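What follows is one structure encoded as structure tokens, with my remarks underneath.
Derivation of every value follows stated rules applied to the coordinates shown; laboratory data play no part. Just so it is clear, the model here is predicted, and its values are computed rather than measured. Neighbour counts run over all protein chains shown; Cβ positions are idealised from the backbone, glycine included.
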Amino acid sequence: MPAPGVLVIGGGIGGLTVAFRLAEAGVPVQLLEASSRVGGVIETSAADGWLFEHGPNTITTAEPTLMALIQDAGLDDEVLTANDAGSRRYVVRGGRALPVPMSPGALFRSPLVTPGGKLRAVAEPFVPRRRAAPGVEESVADFVRRRLGREILDYAVGPFVSGIYAGDPERLSVRHVLPRLAAFESASGSLVAGAFAARPRGARSGKRRKTRMISFRDGLKSLPERLAARLGDRLLMGGAVTRLESIAGGWRAHRTRPDGGTEPHEATRVVLALDARTTARLLDAPDLADLPVAGVRVAAIGFRRDRVGHPLDGFGVLSPRVEPYRLLGVLFTSSLFPGRAPDGHVALTVIAGGATDPSILQLSDNDFLDRILDELRRLLDVRGAPAYATTRSWPGALPQYEMEHQRYLDHADDLERRLPGLHLLGSWRGGVSVPDRIRVANELAGRLAPV
């Protein structure tokens, strides 16, 4: 029978967080990571004065467990708050990057939405709530069209959802992707009434805690690397778990060693902080294997400042799928944080692909960069060759919370009920953002300590 303890498989931010919290609580824990680095999709590179994120670029401070983790990891002094310009965002309409209106008055003056589209959105409180049988799902696209109109879907909610999930609003479930909006309608009959009723007491009196966008001096990799350092020899990297079996009193994982051999690791509990397909393979659970995923391709590109006509005075620009661009969005990286580009230069991060354009992952690096550079010339008035360019592909990296997503969640719950000591922690449960992963991992650690 294995000694009491927890075996965590997967060294992304979720696995690192739960292992770190358990170690803090004095729980015996071992974290196994297949690759030679930690962090999962958090990946930062630095060279010749450039610093780029190839996965998430910023994190927001709205989630209290994130800030507590940063403090407990000893990273307070390395936090960078995004430039105030980061609150300004652009969306493409008619081939041009237009500022997103940030107030009702700005919305009515903005050319981003036509007068007809504005009137349709204003009528939202008078739209009757949906009447559907229990369990009948509604897509993000159907929900937004019904309540706010097609233009708000095409030029506001659709690009936002694509920016987070790289997903197709026609297939994503509103209940799982925009649960607050769905709850507003269910509880109050309209989004306006629901949002007003849900405002915190401090917000109603004019006192609101400001949410910041942050990173670290050396990029987001600082957080997973610091957690890994704190774990010390509790973390083993460079060997994949090839088999997982339930044994008397716990679990045994078979891990490959760098020399090609295998070694067993046993514990009374096991946490699988893995994607759904790897989880399905290790548990022989085929019902999880077909959970939809989407891949994205990222280009990190730098230019001399005088080669870019756009002021780059904001967070970035999102491109709706109805516009003639293949890129999903461009982040104005060097406008957000210092130290991201050499003096006299600017850094841009381009994201493309997703559920609506999977074929872009099949292009060669040169063809992909050529296509992206052509779009940047048209969109941001870029001239000449870049001073720096590299690409990174993330095939299947983003789980898609589509219309049948509840089926996968129910199956995961059933596995945990039937297999004592098993806990599932992948980004296909509880949200895909870094703060979501940290929140869910903290909740799990709280349930597991003491074991």
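P(r) for region 33-91: what percent of alpha-carbon pairs falls in each 5 Å bin, starting at zero?
Cα pair-distance distribution for region 33-91, in percent: 4, 12, 15, 25, 23, 13, 5, 2.
Going toward the positive end of the dipole of the chain, with +1 on Lys and Arg Cβ and -1 on Asp and Glu Cβ, which of THR65, LEU369, PRO111 do you reach last?
PRO111
Regarding region 1-142, what's the average projected area of the Cα-atom convex hull, expressed in nm²? The partial results should precede the final answer.
Values: hull surface 67.0 nm².
Computing the convex hull of the Cα atoms and averaging its projections yields 16.7 nm².
Multiply the residue gap between ARG217 and ARG150 by 0.36 nm, knock off their C-alpha separation, and tell me the result in nm, one decimal place. The partial results should precede the final answer.
Working: separation 67, 0.36 × 67 = 24.12 nm, distance 4.09 nm.
Length gained between ARG217 and ARG150: 20.0 nm.
Remind me, relative contact order of region 278-338 in percent, using alpha carbon pairs under 8 angstrom and six or more residues apart?
With pairs under 8 Å counted, the relative contact order is 22 percent.
Do the sum for the chain: with -39,500 (n - 2.57) for every DSSP H run of n ≥ 4, divided by all residues, what is the mean residue ellipticity at 222 nm, to the nearest 500 deg cm²/dmol? Don't skip to the answer; put the middle values down first.
Values: 17 runs with 149 residues, N = 451.
Theoretical 222 nm ellipticity from helices: -9000 deg cm²/dmol.
Over all pairs of distinct alpha carbons, what does the Kirkwood formula give as the hydrodynamic radius of region 293-399, in Å? Could you put the intermediate results ahead of the total?
Working: mean 1/r = 0.0713 Å⁻¹.
Evaluated on region 293-399, it is 14.0 Å.
Might you report the magnitude of the Cβ-based charge dipole of region 293-399 about its Cα centre, with Lys and Arg at +1 and Asp and Glu at -1, to the nearest 20 debye? Could you put the intermediate results ahead of the total?
Numbers: 12 positive and 11 negative charges, 16 e Å.
My answer is approximately 80 debye.
Obtain the nm distance between the two label points defined at GLU443 and ASP76 by a simple spin-label model: each point lies 7 Å from its Cα along the Cα-to-C-beta direction.
According to this spin-label approximation, the distance is 2.8 nm.
Could you tell me which trypsin sites (Lys or Arg not before Pro) in region 379-435 are loop residues by DSSP with no more than 16 other beta carbons within 10 angstrom of their beta carbon?
Sites meeting the loop and neighbour criteria: ARG383.
With a Förster radius of 35 Å, plug the Cβ-Cβ distance of ALA68 and ASP313 into 1/(1 + (r/R0)^6) and report the FRET value to the nearest 0.05.
On the way: r = 33 Å, r/R0 = 0.94.
Plugging the Cβ-Cβ distance into 1/(1 + (r/R0)^6) gives 0.60.
Normalised by the residues of region 293-399, what does the relative contact order come to in percent, with Cα pairs under 8 Å and at least six apart?
On the way: 195 pairs, mean separation 50.1, N = 107.
Worked out over region 293-399, it gives 47 percent.
Label ALA193 and ASP290 with points 7 Å out from Cα along Cα→Cβ: what is the distance between them in nm?
4.1 nm
If you average over every viewing direction, what projected area does the convex hull of the Cα atoms of the chain give, in nm²? If you can, show how the numbers build up before the last one.
Details: hull surface 92.0 nm².
Mean orientational projected area (the chain, Cα hull): 23.0 nm².
At most 14 other Cβ atoms within 10 Å and a DSSP loop assignment: could you name the GluC sites (Glu not before Pro) in region 326-426 that fit? Mind showing how you got there, number by number?
Numbers: sites: GLU375, GLU402, GLU404, GLU416; in loops: GLU404.
Filter output for region 326-426: GLU404.
Treat every Asp and Glu Cβ in region 240-326 as -1 and every Lys and Arg Cβ as +1, leave all other atoms uncharged, and give the resulting dipole magnitude about the Cα centre to the nearest 20 debye. The partial results should precede the final answer.
Numbers: 13 positive and 11 negative charges, 78 e Å.
Magnitude of the dipole: close to 380 debye.
Give me the Å³ per residue figure for the convex hull around the C-alpha atoms of region 60-111.
On the way: hull volume 5.9 nm³, N = 52.
Given the Cα convex hull of region 60-111, per-residue volume reads 113 Å³.
Let me know the charge dipole size of the chain about its Cα centre in debye, to the nearest 20, where only the beta-carbon of Lys, Arg (+1) and Asp, Glu (-1) is charged. Could you put the intermediate results ahead of the total?
Numbers: 58 positive and 50 negative charges, 343 e Å.
Dipole magnitude for the chain comes out near 1640 debye.
What FRET efficiency comes out for LYS210 versus ALA106 if R0 is 22 angstrom and r is the Cβ-Cβ distance? Round to the nearest 0.05.
Values: r = 20 Å, r/R0 = 0.89.
The computed FRET efficiency comes out at 0.65.
Among 67-78, 151-162, 11-22, how do they line up by average Cβ neighbours within 10 Å per residue, starting with the highest? Could the numbers behind the result be given before it?
On the way: 67-78: 15.2, 151-162: 22.7, 11-22: 28.2.
Sorting 67-78, 151-162, 11-22 by mean packing, highest first, produces 11-22, 151-162, 67-78.
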